[in-house]
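Since every read-out is calculated from the coordinates, none of them should be taken as a lab result. None of these values were measured; they are calculated from a predicted model. Here the Cβ is made from the backbone with ideal geometry for all residues, glycine too, and neighbour counts use every protein chain on show.
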Amino acid sequence: MTGEVAVLGAGMHPWGKWGRGFVEYGVVAARAALADAGVEWREVGSIVGADTVRGGYPGYVAGATFAKALGWQGARVASVYAACASGAQALDTARAQILSGLADVVLVVGADAAPKGFFRPAGGDRPDDPDWLRFRVLGATNPTYFGLYARRRMAVHGDTVDDFAQVKVKNAALGALNPNARYRKRVTAEEVAASAVVADPLRLLDICATSDGGAAVVLSSMEFARRHGAADPVRIRAVSTVTPRYPNTVLDLPDIATDSAVAVEPAAGTFRASIARAAYEEAGIGPEDLSLAEVYDLSTALELQWYEDLGLCEEGEAAKLLREGVTALGGRIPVNVSGGLASFGEAVPAQAIAQVCELTWQLRGSAGDRQVAGARVGITANQGLFGHGSSVIAVR
């Protein structure tokens, strides 16, 4: 176990398609987090920005951009990119600065103004870029991979399209209760089934959208939190940012081939399972200790996969967990009580930070109608392109 850091404040700019720049969304989220923490911007010793990247090219230098927008005051600055895991890597950077004594208070910000439609590669030829290759060699958009993952679950575990639809039904009902969600409308399984097929077997309502939005948290040392009057703050106990182990024998976006296992025995578990395992080991807990989980439901089928990767059930039993209501609000281990990506859409650099915002509000008991009763321990999980693991465990 490493030392803990306090989450003093959390803030978001609502998700949507607002037609404005990412800086505006990030500044709104940052100011909300600072206000929630009761901390002045001039008290912040460091700011860490989660970058956004389009097709392998850096989009924005986020840390300094947000620092300038909030008003130069001499704070340290860092910018972090790890695709969908950028927010967790930014949190890990902030935590390291606090635990090393470089800063007492760190502001972490991520925001995005996402393009319309599927993410696509930047122009030009880059044959050494796996993201470029999968578009140009296979013509495989993200939903193509999501459909392949879903087909694999159907073939290996017997999941059905109705199981996938029920994930959307659950998450949409929770998103309807979240003022920061982009989609705040309940849906039925029949409506999911009636939506257009995008990547068989997944339909439009099985796949998350691309969205604009921003999220921020204020982290501090435990000593600063006590001086600041926060006697019992939410605390970050673990951050997992592991990479895959060779040979990786499970095909993962954006790769177009697996590693050979002829000479080296594959690891006992998959990459995604190792992400959560590292977080559990660092925090000194297990899945049985969790009160809730926020996972990266890029598609309904991928949410089911996370149930197994987090150890919430045995392999192949995720759909059973869903059908029994275990992952619904009021169940033994609610998953995506924020509404998940199904209700938000994906604002890449902000999403992992938004997951921690939700854990913070839940562990404080301030999540309103979507509150998990007695929440004490929460976990987030997602996976960024190119082998970026992301999992955060927060406790109170």
(request) Would you calculate the volume per residue, in Å³, of the smallest convex hull containing every Cα atom of the range 229-382? (result) 131 Å³
(message) How large is the Rg to Rh ratio of the chain when both quantities use alpha carbon positions and Rh follows Kirkwood?
(response) 0.95
(request) Count the DSSP beta bridges whose two residues both fall in the range 2-150, then state the antiparallel fraction as a percent rounded to the nearest 5. (result) 15 percent
(message) For the range 182-252, I need the span (max minus min coordinate) of the C-alpha atoms along each principal axis, in Å, sorted largest to smallest.
(response) 56, 42, 22
(message) Along the Cα→Cβ direction, 7 angstrom out, place labels at GLN73 and ARG332. What is the inter-label distance in nm?
(response) 4.7 nm
(request) Step through the residues of the range 296-312 one at a time and calculate ³J(HN,Hα) from phi using the Karplus curve (6.51 cos²θ - 1.76 cosθ + 1.60, θ = phi - 60°), rounding each to whole Hz and writing x for Gly and Pro. (result) 8, 8, 4, 9, 4, 5, 5, 4, 4, 4, 5, 3, 6, 5, 7, x, 6
(request) Please report, to one decimal in angstroms, the Kirkwood hydrodynamic radius of the range 154-217 built from all distinct Cα-Cα pairs. (result) 13.0 Å
(request) Would you grab the residues whose amide H sits under 5 Å from the one on TRP18? Only those 5+ places off in sequence or on another chain, please, with H modelled 1.01 Å from N. (result) ASP212
(request) Would you kindly calculate the translational diffusion coefficient of the range 76-175, applying Stokes-Einstein with the Kirkwood radius from alpha carbon pairs, for 25 °C and a viscosity of 0.890 mPa s, and quote it in µm² s⁻¹ without decimals? (result) 139 µm²/s
(request) Using a 10 angstrom cutoff on alpha carbons, build the Gaussian network for the chain and name the most mobile of GLU281, GLU24, GLU294. (result) GLU281
(message) From Cα pairs below 8 angstrom and at least 6 apart in sequence, can you work out the relative contact order of the chain, rounded to a whole percent?
(response) 25 percent
(message) Let me confirm the definition first: pairs of Lys residues in the chain, 8 or more apart or on different chains, C-alpha distance under 24 Å. How many are there?
(response) 10
(request) Could you tell me how many degrees, from 0 to 90 and to the nearest 10, lie between the Cα long axis of helix 271-283 and the main elongation axis, the longest principal axis, of the Cα atoms of the chain? (result) 30 degrees
(request) Write down the percent of antiparallel bridges among all DSSP beta bridges whose residues are both part of the chain, to the nearest 5. (result) 70 percent
(message) Which of GLY26, GLY117, GLY11 ends up with the largest GNM mean-square fluctuation for the chain, with Cα atoms connected below 10 Å?
(response) GLY117
(request) Have a look at ALA189, ALA279, ALA261 and tell me which one the Gaussian network model of the chain (Cα, springs below 10 Å) gives the largest fluctuation. (result) ALA261
(request) Let me have the 222 nm mean residue ellipticity of the chain computed from DSSP H runs of 4+ only, each contributing -39500 (n - 2.57), with the sum over all residues rounded to the nearest 500. (result) -11000 deg cm²/dmol
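How big is the charge dipole of the range 1-156 about its Cα centre, in debye rounded to the nearest 20, if each Lys and Arg gets +1 on its Cβ and each Asp and Glu gets -1 on its Cβ?
Dipole magnitude for the range 1-156 comes out near 740 debye.
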(message) Give me the mean projected area, in nm² to one decimal, of the convex hull enclosing the Cα positions of the range 25-144.
(response) 8.8 nm²
(request) Kindly write out, for the range 216-233 in residue order, the coupling ³J(HN,Hα) from the Karplus curve 6.51 cos²θ - 1.76 cosθ + 1.60 (θ = phi - 60°), rounded to whole Hz, with x marking Gly and Pro. (result) 8, 9, 10, 9, 8, 5, 5, 5, 4, 4, 5, 5, 7, x, 9, 6, 9, x
(request) On a 0 to 90° scale, report how tilted helix 161-175 is relative to the longest principal axis of the chain, with both axes built from alpha carbons and the result rounded to the nearest 10. (result) 20 degrees
(request) Specify, per residue and in Å³, the volume enclosed by the convex hull of the alpha carbon atoms belonging to the range 345-396. (result) 74 Å³
(request) Can you tell me the 0 to 90 degree angle between the C-alpha axis of helix 22-37 and the longest principal axis of the chain, rounded to 10? (result) 60 degrees
(message) For a quick check: with amide H placed at 1.01 Å from N, whose amide H comes under 5 Å from GLY345's, ignoring anything fewer than 5 positions away on the same chain?
(response) ALA209
